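The values are calculated or read from the model by the stated rules, or taken from the named source; none is laboratory data. What you are looking at is a predicted structure, and each value in this text was computed from that prediction instead of being measured. For neighbour counting, all protein chains shown are included, and Cβ atoms are generated from backbone atoms with ideal geometry for every residue, glycine included. With ligands, DNA and RNA removed, areas are computed over all heavy atoms of the protein, side chains included. Shrake-Rupley method; radii C 1.70, N 1.55, O 1.52, S 1.80 Å.
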Amino acid sequence: PQIPMVRGIMLPSPFLYDEPVLVVDECRPTRDALRAQLRNWSGAVAFQAADARAAIQMLTAKNKSARLRPTVVFISAEMATMSGVVATKKLRKWEQLRGVGQNKSMLIVGVLPRATAGGNLGGGNGGSSSGSSGGG
């Protein structure tokens, strides 16, 4: 397969070139940073949702033409309104009820919770959020 290039620069990961992806996180700077990285590193077309409920609405819209079908969903594991784990379970159940086969289901990647001031991931000593960590 031909490796995609943008402005004469070979993209490091052709996997997502021109593919729709969805970034879900309640923290706008985190969403913006991840979208920029995806666009710059792999040429992905990155959409965003401010929380898990908004993502579910985008992905399960009753009007099929309005429904977003990304190749990959990057979703924060911990969010105040609904965790990424709960949202993933709801999306998988929705796919199952509609007979979406495993080969046509979305790839959902959980993003690790932001590190707290104490250096722990997720919970810990109640420190403030700082930065974000990616994971698989």
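Which of the peptides 25-34, 48-57 is most tightly packed, and how do the rest follow, judged by the mean count of other Cβ atoms within 10 Å per residue? Kindly include the intermediate steps, with their values, before the conclusion.
Details: 25-34: 16.7, 48-57: 19.1.
Put in order of decreasing packing, that is 48-57, 25-34.
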Carbon + sulfur, % of accessible area of the range 20-112 - ligands and nucleic acids excluded, 1.4 Å: 56
Geometric extent, Cα atoms of the range 20-112 - Rg, Dmax (angstrom): 12.6, 36
Contour minus Cα-Cα distance for residue 45 and residue 93 (0.36 nm per residue): 14.7 nm
Average accessible area per residue (Å²) across the range 20-112 - probe 1.4 Å, nucleic acids and ligands excluded: 55
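With a 1.4 Å probe and all protein chains in place, put 41, 94 in order of accessible area, largest first.
Ranked from most to least accessible, the order is 41, 94.
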